[in-house]
Amino acid sequence: MSDFLTLPKGPFTLENATLFDPSHPNGLSTGSVSIADGHIVDGSKGANTCPSIDAKGGIVLPTFVDMHTHLDKGHIWGRAPNPDGTFMGALTTVGEDRVANWSAEDVRARMNFSLKCAYAHGTSAVRTHLDSLPPQDSISWPVFRELREEWAGRITLQAACLVPIDMVENDGGFLGTANTVAESGGTLGAVTYPMPDLAERLETFFAMAAERGLDADFHADETGDPSVATLRTIAETVLKTGFDAPVTVGHCCSLAVQDESEADRTLDLVAKAGLNIVSLPLCNLYLQARDSDTTPRWRGVTLVHEMRKRGINVSFASDNTRDPFYAYGDLDMVEVLRESTRIAHLDHTQPHWFDAFCANPANACGLTANDISVGSTADFIVFKARSMTELLARPQSDRVVVRQGKAIDRTLPDYAELDHLMTQTKEAQRMSA
């Protein structure tokens, strides 16, 4: 589908637009936006010197920040599908594929493909988790550093290591991982789950992060088991240690099935500790409560409304893309916005939730959030949709993505670009048989 609006290459004013407005309860207000030299400028100055384009009421939003992805896992479904759609099926399948196939060439090609998709859809910043069990850390982190440089100016790329919390020891292999993360300008990350010495391991983790000046980013409680409550331990440990760098925790699904009083106590601690929370509704909807013989009874989404009421910085993100943890997706934050609204009932609430897809994740990642204000870089998305119901009713495939004041080519990469990776994998499997 072609873009619905043609923009000039030089300065212009977009009139009759429905602009992102964080000060308005529904996040939108009517106005115009003027562009010159790649920035948003005061349209009252020299208003007659540049062409005016009628947006016909179309919504204009800042570019998105996708703060929780797995670019290193992305697009392996063609050779490594989840056998049963369960979490354990995903974990086992990815582990086997990683050992067999994740060369630098393979990881690079799939990560680059995903970044092309994200850019075309209107995302300007991405944080990816990188599986960092040795020897994969020595393969994937150099690839990340190369891609971060190549994509600079188009997508701000961040990375967090991903290892099980039981690897975190004062004198274990995680020391090398932490050093690699620090040398790469990354974020220290881990997956937490119940274990007798979890608090001690978290103290070690935060000490390593503090020594290296690193932020922290966890996967936690991605389960429907109400007894799993490591988010609380993370918050308690942050408060105990005084760790003062940003801490993000993703998933936190079990909160939704815990006793309300227990969940409230955890959320109070999360607010006090100043944690950032990121919800991943699409992946969790796919994995949680899956049983081939029963209909799922819950959505897997965490308590985002209760968090926001406490002032907790809540975001939404894509998570996995076409891999055993989530068979679908395209790193399209409009899809995440649309489906999150339906899954988590983000509609019929005040104020708006746009910030959870732009400013909130930017703040969690230490980035400057894009907005539609004078002086900002002209990075935004123009939609034909004129209202929230129009925006969320369709995929918005004809959106116009503007970067530094110019509309970009939104052609998505062809899946055929990845065919050679699948062919190589099958040939290697044939040769080893």
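Brief remarks on what is shown
- Order by protection proxy (mean Cβ within 10 Å, highest first), peptides 336-342, 52-58: 336-342, 52-58
- LEU239 paired with ALA271, simple spin-label distance in nm, labels 7 Å along Cα-to-beta-carbon: 1.2 nm
- Segments 266-274, 118-126 sorted - mean Cβ within 10 Å per residue, highest first: 118-126, 266-274
- Since only ALA160, ALA327, PRO81 are under comparison, the one whose Cα sits farthest along the positive direction of the charge dipole of the chain, derived from C-beta charges on Lys, Arg, Asp and Glu, is ALA327.
- Centre-to-centre, using Cα atoms only, region 162-230 and region 340-388 are separated by 30 Å.
- Cβ charges +1 (Lys, Arg) and -1 (Asp, Glu), total dipole of region 1-138, debye: 180 debye
- Percent of beta bridges antiparallel (DSSP, the chain, rounded to nearest 5): 35 percent
- Euclidean distance of C-alpha centroids, region 56-105 and region 241-315, integer Å: 21 Å
- Extreme residue, positive dipole direction of region 274-341, given options ALA289, ASN276, THR341 (C-beta unit charges): ASN276
- Remark: the GLU169-ASP84 segment gains 27.2 nm on full extension, using 0.36 nm per residue and subtracting the alpha carbon distance.
- The relative contact order of the chain comes to 23 percent, based on Cα pairs under 8 Å that sit 6 or more residues apart.
- In the full protein context, the chain carries 42 Å² of accessible surface per residue, based on a 1.4 Å probe and ignoring ligands, DNA and RNA.
- Cut-off 15 Å between beta-carbons: net charge of the residues surrounding VAL334, Lys and Arg +1, Asp and Glu -1: -2
- Region 298-432 - charge dipole about Cα centre, Lys and Arg +1 at Cβ, Asp and Glu -1, debye rounded to 20: 360 debye
- Note on region 145-215: Rg/Rh from Cα positions, Kirkwood definition for Rh, rounded to two decimals, is 1.05.
- Charged side chains reduced to their Cβ positions (Lys and Arg at +1, Asp and Glu at -1) give the chain a dipole of some 1180 debye around its Cα centre.
- For the chain, adding -39500 (n - 2.57) for each run of n ≥ 4 DSSP H residues and dividing by the number of residues yields -10500 deg cm²/dmol at 222 nm.
- Solution diffusion estimate, µm²/s, Stokes-Einstein, region 53-189, Kirkwood Rh from C-alpha pairs, 25 °C, viscosity 0.890 mPa s: 151 µm²/s
- Most positive-pole-ward Cα, GLY250, THR187, ALA216, against dipole of region 166-311 from beta carbon charges: GLY250
- Within the shell of other residues whose beta carbon sits under 10 angstrom from the beta carbon of TRP353, the net charge comes to -1, with Lys and Arg scored +1 and Asp and Glu -1.
- Estimated distance in nm for a label pair at SER292 and ALA199, the labels positioned 7 Å out from Cα along Cα-to-Cβ: 4.3 nm
- Förster radius 30 Å - calculated FRET efficiency between GLU146 and ARG212, Cβ distance, rounded to 0.05: 0.85
The values are calculated or read from the model by the stated rules, or taken from the named source; none is laboratory data. Since we're looking at a predicted model, the values are computed, not measured. When we count neighbours, we look across all protein chains shown, and the Cβ atoms used for this are built from the backbone with ideal geometry, even at glycine. Just so you know, the surface numbers come from the protein's heavy atoms only, side chains and all, with ligands and any DNA or RNA stripped out. Shrake-Rupley method; radii C 1.70, N 1.55, O 1.52, S 1.80 Å.
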